[in-house]
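The values are calculated or read from the model by the stated rules, or taken from the named source; none is laboratory data. Just so you know, these numbers come straight off a predicted model, no measurement behind them. The protein model used for the area step is the full one, side chains on, heavy atoms only, and it has no ligands, DNA or RNA in it. Shrake-Rupley method; radii C 1.70, N 1.55, O 1.52, S 1.80 Å.
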Amino acid sequence: MIEQDTIRLLRECDAGVKMGVESIEEVVDKIQSEDFRQVLVSSRHKHDQLDREIQQLLCRYQDEGKEPNPMARGMSWMKTNAMLMMKPSDQTIADLMTDGCNMGVKSLHKYLNEYKAADDQSKDIAKKLVNLEQELAVDIRSYL
């Protein structure tokens, strides 16, 4: 049970970190403010570092991880592009990114509650990802 919950939690973290990176990549070139761009670039580097940790643990369990849900991916892409067509601004990007961070935090807490038997190391990874998302949401508030 512990190993199953550990793998499941790591898979969700894997999908979550990938979704975060994809979201950042989708908007970073559309940002006008250099300071805002640097906040997202820095967050992306932190996501990449955490992804490497996740991949090492998944490898230890001989698991390939999980890609983000294609429906969630598609809906995110559509919402981002529709919103930016209507109002192309840093404020719109900050709003979209904040929503994404909040959804990520909510999902990760759900998985932490669902996979209670996961080992402490995988729970710590999930908590690190929650903290990254919360930190990003705070860091971009001034652009809302």
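Structure above, values below:
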{"item": "Calculated log₁₀ intensity ratio I(q)/I(0) where the Debye formula runs over C-alpha points of the chain, q = 0.11, 0.17 Å⁻¹", "result": "-0.41, -0.89"}
{"item": "Solvent exposure, largest accessible area first (probe 1.4 Å, DNA, RNA and ligands not counted), of Met97, Met83", "result": "Met83, Met97"}
{"item": "Proximal lysines relative to Lys116, as straight alpha-carbon distance under 20 Å, when same-chain residues fewer than 8 apart are discounted", "result": "Lys66, Lys106, Lys127, Lys128"}
{"item": "Average Cα contact separation per residue, the range 1-132, under 8 Å, 6 or more apart, as relative contact order %", "result": "48"}
{"item": "Residues of the chain: accessible area per residue with a 1.4 Å probe, Å²", "result": "58"}
{"item": "Accessible-area value, Cys59, 1.4 Å probe, nucleic acids and ligands omitted, Å²", "result": "90"}
{"item": "Accessible-area composition of the chain, carbon plus sulfur, in percent [1.4 Å probe]", "result": "53"}
{"item": "Per-residue SASA entry for Glu22, accessible area with 1.4 Å probe, Å² rounded to 10", "result": "60"}
{"item": "Cα centroid separation, the range 71-144 to the range 4-52 (Å)", "result": "9"}
{"item": "15 Å Cα-Cα reach of Lys123 towards aspartates and glutamates, excluding residues that sit fewer than 8 places from it in its own chain", "result": "Glu3, Asp5, Glu12, Asp14, Asp51, Glu53, Glu114"}
